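All remarks here apply to the structure that follows.
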Amino acid sequence: MKNLKQILFGLAVIAAFTFTQTTNAQAKPKGKEWKVPAADASKKSTVKAGDASAISEGKSIWGTNCKSCHGIKGLGDGSKAEKIDISCGDFSSKEFQSKSDGEMFYYTKIGRKPMPSFKEKLSDTELWQVVAYMRTLKK
C-alpha cells in the first residue's frame, strides 16, 4: 500500500510539472510582430502537401533543430524555452496554422533573435520538409 501511494504521488508530481511547463510556455509575452515580405509570404512549397516521406524527414529535422525550444508537439515548451524571455509560440494554434507556407519557410530560414537562422544549416528542400511537418502539428 505504501508503494502504491508513493507511485501515485510521483505521478501527480510529474503531471503537475508537465502542466506547469506548458502553461508557463504559453504565459510568456509574444515577441514583436514578425512581418514577412509579400514575395516571401507568397512562395509555394516545393514539397507536395501530405507527402509522408517529406513529413518524416521534416520530423527528423525538427527533432534535431527545433524541439529544444518549440517542444516535441510545437507547443513552445521545449527544454530551452524557459530560458527565453518571449513565448516560443504554439504551432498547433489556429493563428500559427493560418500562416502561409511561405511565411513559415521565411521564419525558419531567416530567423530573428532569439530564433536562429537556418539558411546556412538547412537546404531549401529541408526547410520545406520542416514546413510540411509543422502542418501536422495543428490541433
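At a glance:
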{"quantity": "FRET efficiency for Lys73 and Ser42, using Cβ-Cβ distance with R0 set to 25 Å, rounded to 0.05", "calculated": "0.30"}
{"quantity": "Subset of Lys44/Lys121; Lys44/Lys83; Lys67/Lys99 violating a 29 Å alpha-carbon distance limit", "calculated": "Lys44/Lys83"}
{"quantity": "Three-way shape call for the stretch 37-82 based on the alpha-carbon gyration tensor, with the a/c threshold at 1.5", "calculated": "oblate"}
{"quantity": "Spatially proximal aspartates and glutamates relative to Lys138 (Cα-Cα < 13 Å; intrachain offsets below 8 disregarded)", "calculated": "Asp90, Glu95"}
{"quantity": "Label-point gap, in nm, between Ser117 and Ala49 - each point 7 angstrom along Cα→Cβ", "calculated": "3.1 nm"}
{"quantity": "Alpha-carbon radius of gyration plus Dmax, which is the widest Cα pair, for the stretch 17-139 in Å", "calculated": "13.7, 43"}
{"quantity": "Residue-span extension gain [Glu33 to Ser98] - 0.36 nm each, minus C-alpha spacing", "calculated": "21.9 nm"}
{"quantity": "Extension gain from Asp85 to Lys139, taking 0.36 nm per residue of separation minus the Cα-Cα distance", "calculated": "16.9 nm"}
{"quantity": "Percent accessible area from carbon and sulfur atoms, the stretch 54-134, protein chains only, probe 1.4 Å", "calculated": "51 percent"}
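The values are calculated or read from the model by the stated rules, or taken from the named source; none is laboratory data. The model shown is predicted, which means the values in this text are computed figures rather than measured ones. Neighbour counts are summed over all protein chains in view; Cβ atoms, including those assigned to glycine, are modelled from backbone coordinates with ideal geometry. Ligands, DNA and RNA are stripped out before the accessible areas are found, and what is left, the full protein with its side chains, is counted by its heavy atoms. Shrake-Rupley method; radii C 1.70, N 1.55, O 1.52, S 1.80 Å.
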